[in-house]
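Taking it in order: structure first as structure tokens, then the write-up.
The values are calculated or read from the model by the stated rules, or taken from the named source; none is laboratory data. For clarity, every value in this text was computed on a predicted model and none was experimentally measured. All Cβ positions, even for glycine, are placed from backbone atoms using ideal geometry, and neighbour counts span all protein chains on display. Side chains included, ligands, DNA and RNA excluded: accessible areas come from the protein's heavy atoms. Shrake-Rupley method; radii C 1.70, N 1.55, O 1.52, S 1.80 Å.
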Amino acid sequence: MQKLKFIIQQHRSLQRYVFAFHQNRTFSALPSYAQLDYLQEEVLVEGRAKSRAAILNRPSALNALTTSMAARLNRLYESWEDNSDIGFVMMKGSGREFCSGADVITLRRFLNQGKAEECKAFFETLYKFVYVLGTYLKPHVAILDGITMGGGAGISLPGMFRIVTDRTVFATPEAQIGFHPDAGASYYLSHLPGYLGEYLALTGDKLNGVEMIACGLATHYSLKERLPWIEERLGKLITDDRSEIENSLAQYGDLVYPDKRSVLHKLETIDKCFCHDTLEEIMNALEIEAAESYNEWCTAALTKLKEASPLSLKVSLQSIREGRFQTLDQCLAREYRISLKWISKQVSNDFSEGIRARLVDKDFAPKWDPPKLEQVTDDMVDSFFSPLGELEPELNLPTALREPDV
């Protein structure tokens, strides 16, 4: 096994020279040394005896992800994977939150300035890191304390160990801002029990740490107060053995169960309503269930669906359904197509409009286009899944060197 790891790592080291230009390209008026300092401050590094920790460091922006952060994570993780002195890798956020996802306000500004290429670079760089993490040879420990949403889940959930706490809040709220669950979300959501993935993707509903453990999104639960003990314990480990790491995590873990108000106790109703092929059928099933059972949860789910972009809902549903039968790299390639279609504004301006309404002006009154589900045609939805064409390269992942099942 060690010989196999060595051979794979040698091949990957050579291949990285091919991708170096694309992953390291930056455009800035800052002097190179100043730019380097700035990039390093966004993702800090802690060195341990046999491990390294990447720390997302934009606490004032809830550690929202930028292109430079994703690029630095790529470089760090690839170098750590090649370093035989490093046994395992950790990731955490600075401040009170882990990561709120992509810095969509900056992406919207790029689009308004006509800098769509900057947005493309972000999605390309981010999705490549998600793939690196999903195929990582070394054990990975992500500490998901606080908000863990959208892309923040994408850069952590593909790893081996995911620690959640009593402060963890998970969600994929992209449909509410006129986008789609991305960064691998169509892969991990589609593999959740029953139709829970469809429910979370379409409503943007939140899960807490206990619920993430129960549905399989997380591997270990701990009270926030115990995190310093866990980090101290991990920092002293001299190993690359996943079982030793797992045993250390288990020493500080808690056995927890969702309370009776948890959405996980409604899986039967979720499956009954969200199993249908179309959004119209799903909403009709929820309306019938709400009328027959007087279930407030059904009414709340309907409200969330009606607040979301109709086009985003239909695109997101198809994306999750396709993810059930695809590998991580196939899901990322499809998500890349969808993301580029959104930023192109060829079909709709819902992405920019959703960010404006919910995060910029905060009037919470987005003007969706089309405004109603029945006005979203099959051709509109299909266009998001079509090949990009000769003039627009597809997402290029190193699948020959980093197979998803390695």
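Here are some notes:
- Estimated translational D of segment 258-406 in µm²/s (Stokes, Kirkwood radius over Cα pairs; 37 °C; 0.692 mPa s): 186 µm²/s
- Most to least accessible of K128, K367, K120 (protein chains only, probe 1.4 Å): K367, K120, K128
- Each of the peptides 188-194, 288-294, 243-249 was scored by the mean count of other Cβ atoms within 10 Å over its residues; in descending order, highest first, they stand as 188-194, 243-249, 288-294.
- In segment 39-132, the chymotrypsin sites (Phe, Trp or Tyr not before Pro) that fall in loop regions by DSSP, at most 14 other Cβ within 10 Å: none
- Value of [θ]222 nm, deg cm²/dmol, for the chain, DSSP H segments ≥ 4, -39500 (n - 2.57) each, nearest 500: -15000 deg cm²/dmol
- Radius of gyration (Cα atoms) of segment 278-333, expressed as a multiple of 2.2 N^0.38 Å: 1.39.
- Antiparallel bridge percentage (DSSP; both residues within the chain; nearest 5): 25 percent
- Translational diffusion coefficient (Stokes-Einstein; Kirkwood radius from C-alpha pairs) of the chain at 25 °C, 0.890 mPa s, in µm²/s: 112 µm²/s
- Label zone at Q375 (point 7 Å along Cα-to-Cβ), backbone N below 18 Å, segment 178-209: 178-179
- The length gained by stretching the chain between K272 and D361 to full extension, at 0.36 nm per residue less their Cα-Cα distance, is 28.3 nm.
- Seen from A116, the other residues with C-beta closer than 15 Å to its C-beta sum to a net charge of +3, counting Lys and Arg as +1 and Asp and Glu as -1.
- Contour excess over end-to-end distance, with Cα ends at S383 and E117 and 0.36 nm allotted per residue: 93.8 nm
- Part-to-part distance (alpha-carbon centres) for segment 115-189 and segment 245-308, which is given in Å: 21 Å
- A 1.4 Å probe run over the chain, with the rest of the protein chains in place, finds 45 Å² accessible per residue.
- Residue-wise HN-Hα couplings along segment 124-132, as the Karplus relation 6.51 cos²θ - 1.76 cosθ + 1.60 with θ = phi - 60° gives them from phi, are 4, 5, 5, 5, 5, 5, 4, 5, 4 Hz; Gly and Pro carry x.
- The accessible surface of the chain, taken with every protein chain in place and a 1.4 Å probe, is 53 percent carbon and sulfur.
- Spin-label pair K206/S84, simplified geometry with 7 Å Cα→Cβ offset, distance in nm: 4.8 nm
- In order through segment 208-215: 3J(HN,Hα) via Karplus (6.51 cos²θ - 1.76 cosθ + 1.60), integer Hz, x for Gly, Pro: 8, x, 4, 5, 5, 5, 5, 9
- Distance from the Cα centroid of segment 216-241 to that of segment 377-398 is 41 Å (rounded to whole angstrom).
- Estimated translational D of segment 52-145 in µm²/s (Stokes, Kirkwood radius over Cα pairs; 10 °C; 1.306 mPa s): 113 µm²/s
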